[in-house]
Amino acid sequence: MAAVFEATGHRHDHGAESDYRRRFAAPDSSRRDRPGPDDDAQLAELYDAALDNCRPCQEHLIDLVAQNTHTTTDLVNWACVITAETYGYLPDAVLHDDDKADLFPEPFRRLARTYQDRFMTGTDYRAMLPLCSSMTCDQRRQAAAAAVGLAVGLGDFGVDFPFQ
């Protein structure tokens, strides 16, 4: 599926079979009561724009994601799931390391700590949602940018994301 992002006219080819990183598995929006019909498509487009290093599309899509608490929560939760599946846990740099604040700003780390505290009980998304709702749009934007950066970074190293 090649999508044309309206604001810039750039193409981001989600169906490129030759690129293993394009095997996007959308965050598990099935856990929420009413996922938006375009949320998964918007996150796939954001992921593809990040893979293509298309800054204009990325910035615009991150702004859109940050306006929707559910979509931001889905994205951060997805990044936490694939990170935990990759390492077997969430590394300290993702949770606490102030030296990595440029990569993992505090809003992302707060949500990641909530994931870490709740994933064993399967209540991570439900616990992350009110926390994400209490954040400002700028804080959600910071969390979303860190989450997509983490997902792309793991993809760049050939991590085979779970649930695909």
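Any read-out appearing in this document is the output of simple, stated calculations on the displayed coordinates, not a laboratory observation. Only a predicted model underlies this, so the values are computations on that prediction, with no experimental measurement involved. We place every Cβ from the backbone using ideal geometry, glycine too, and count neighbours over all the protein chains shown.
Evaluating 6.51 cos²θ - 1.76 cosθ + 1.60 at θ = phi - 60° for every residue in region 62-71, the Karplus couplings come out as 5, 4, 5, 4, 5, 6, 10, 4, 5, 5 Hz, glycine and proline recorded as x.
Counting every other Cβ atom within 10 Å of each residue's Cβ, M128, M120 order from fewest to most as M120, M128.
Ordering D48, D92 by the number of other Cβ atoms within 10 Å of each residue's own Cβ, fewest first, gives D92, D48. Using the average count of surrounding beta-carbon atoms within 10 Å as a protection proxy, the listed peptides 73-85, 56-68, 141-153 rank, highest first, as 73-85, 141-153, 56-68.
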